[in-house]
1. Among the residues of region A:52-69, is there at least one that is of a type outside the set (A, V, I, L, M, F, W, C), in contact with a helix residue (DSSP H, G or I) (Cβ under 9 Å, 6 or more places away or on another chain) and modelled with pLDDT under 75?
2. Count, please, the residues in region A:1-20 that happen to be open to solvent by 20 Å² or more (accessible area, probe 1.4 Å), part of a helix (DSSP H, G or I) and facing another protein chain (nearest Cβ under 7 Å).
3. Within region A:122-156, take every residue that is open to solvent by less than 10 Å² (accessible area, probe 1.4 Å) and not aliphatic (A, V, I, L, M) and give me the one that is nearest to B:Ser17 (Cα to Cα).
4. Please give the number of the condition B:Thr198 fails out of (1) farther than 30 Å from A:Trp71 by Cα; (2) open to solvent by 100 Å² or more (accessible area, probe 1.4 Å); (3) at pLDDT below 90.
5. Just checking, does region A:46-58 include any residue being at the interface with another protein chain (Cβ under 7 Å from one of its Cβ atoms) and open to solvent by less than 40 Å² (accessible area, probe 1.4 Å)?
6. With B:Ala139, B:Ala112 as the choices, which residue is touching a residue at least 60 places away in the same chain (Cβ under 8 Å) and open to solvent by less than 100 Å² (accessible area, probe 1.4 Å)?
7. Run A:Thr27 past the list (1) more than 9 Å from chain B (Cβ to nearest Cβ); (2) over 20 Å from B:Leu118 (Cα atoms); (3) surrounded by 17 or more Cβ atoms within 10 Å (Cβ to Cβ) and report the number of the one that doesn't hold.
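The values are calculated or read from the model by the stated rules, or taken from the named source; none is laboratory data. Here the structure is a predicted model, which is why all the values come from computation and not from measurement. Quick reminder, even Gly has a Cβ in these numbers, built from the backbone with ideal geometry, and neighbours come from all protein chains shown. Quick note on the areas: whole protein, heavy atoms, side chains included, nothing else; ligands and nucleic acids left out. Shrake-Rupley method; radii C 1.70, N 1.55, O 1.52, S 1.80 Å.
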Amino acid sequence: MEDRHGKLVELLEKSGAPLYTLLTRLTLHEDVAEELMQELFIKLSNSSQFDKIQNLGAYVRRAAINLAFDWRRSQKRNVLGLDRLNEPASNEKSPLAKLVQKEELKEILNAIGQVNKPAREVFVMRYIQQESYDDIAKQLGKTPHQARALCSRAMNNIRNILGSNNSGLSGKETDNVED
Amino acid sequence: MSKIDENQIRRRLKLLSQVEPTSEATDRAMERVRNTLTGKENRPEGKKVRTVLKRPITKLAAAAVLMIGLGYAVGRLSAPGPDMEQLNSALETSLRASLIEEMDRRWKSAFAANCVQLKDDLQQQVRRDLTEFAVQTLAASNTRTEQRLIQLINLIETARARDRRQIAAALEKIEFDKSRLGKGLVALAAQTSKLRGTKQD
C-alpha cells in the first residue's frame, strides 16, 4: 500500500499537469477537469489491478480519456439547450464568435467520443496532444504505421459523423474504425 | 453521405490542442489530488493489517502483549478496584473522538468519489428547474400579451365608433345648413323678382 501511494504521488508530480491539461481540453471546463482528475486518482488508488499495471503512464492517460468522454456522454444526455450559456474556452473574440467556436469544439469532441477506444486514444494523442506518430507508437506498443492508419481511419469516421448531421450523435461508439 | 472538409476538422483540432488551463487551476487540481492521496494514506487498510499479522515477529509481539496483559490483569485483580466511572468517561470520550474522526474521513472520501456525480445531478436539476421556469414565464407572458391586445382592440373599436358618431353628426349638420341655404336662396330669388316687377311698373 505504501508502495502504491508512493507510485501515485510520483505519477501525480510527473504527469499531473499534462493529465489535467488533457482533461481540460477534452471537457472544455477547468472545474470538471479538476473533479475528473481527483476521481481518476481515487479509482487508481482503490484499483485491485493496480499492481498488475505494466505501463502506468499509458494506463492513466487511457483512463483519463475514457473518463472525459464518459463525462461528455453523460452531459449529452442531459442537454436542454441552456448549456449554450456557458463561458467559452477561447478568448479575444466577440461573444457570438466564442459561442460558435465552443459549439464547434463540442461537436468535434462528441464525434471523437463515438470513435472506438483504441482509435480514439491514438487520435487524441496525435491531434489534441500533438504527439508524433513515433512517440504514440512507442507509448502504445504499436508501429508508427499502425498508429497512422488508426488515426487516418478515425479521421475519416469523424468526417462522416460530422458530415451526416448532428442528430446522428447517439453516444454509441462506432465499430467500423478499427477492425 | 456528405463529408465535412478535413481542413475544418484539423482547424478545430488545432484550436483544441491550444486550450490550456491556467497555472492556478493546475496547481489547485494537483493540490486537491495530493490532499486526497494523503487522506487515503491515513486510512486504516484491512489488507495491510492482515499482512502485518502474518509476520512471525508480530506473533511474538502478540504473545508478549498477552503475557503483559495477563500480568497486568493479575496485578489489577490483586490491587484495590479501579475508579470505573472515570474509566468509563475517559473511554467514552476517546471512542467518541475516534468515531467522529473516522466518520469525517469516510464522508470526505465518499464525497470526493461522488463529487462529479453529485455535480452532474445538481446541474440536471438546475436545468430542469430553469426550463420549467422558462415555460411558465413564457405561458404567463403570452396570456398577458393576449390580454393587452384585447384591451388595445377594444380601445381602438371605441375610438372608431366615437369618430363615426362625430362624422355622422357633422354630415347631418352640413345637410341641415344646405337645406337652410337653399330656402334662403329661393326666398332671395322671389324677393328679387318681386322688386324687379315693381320697378318696371
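1. For region A:52-69, residues of a type outside the set (A, V, I, L, M, F, W, C), in contact with a helix residue (DSSP H, G or I) (Cβ under 9 Å, 6 or more places away or on another chain) and modelled with pLDDT under 75: absent.
2. 3
3. Checking each candidate, the answer is A:Phe123.
4. Against the list (1) farther than 30 Å from A:Trp71 by Cα; (2) open to solvent by 100 Å² or more (accessible area, probe 1.4 Å); (3) at pLDDT below 90, B:Thr198 comes up short only on (2).
5. No, there is no match, as no residue in region A:46-58 is at the interface with another protein chain (Cβ under 7 Å from one of its Cβ atoms) and open to solvent by less than 40 Å² (accessible area, probe 1.4 Å).
6. B:Ala112
7. The single condition A:Thr27 does not satisfy is (2).
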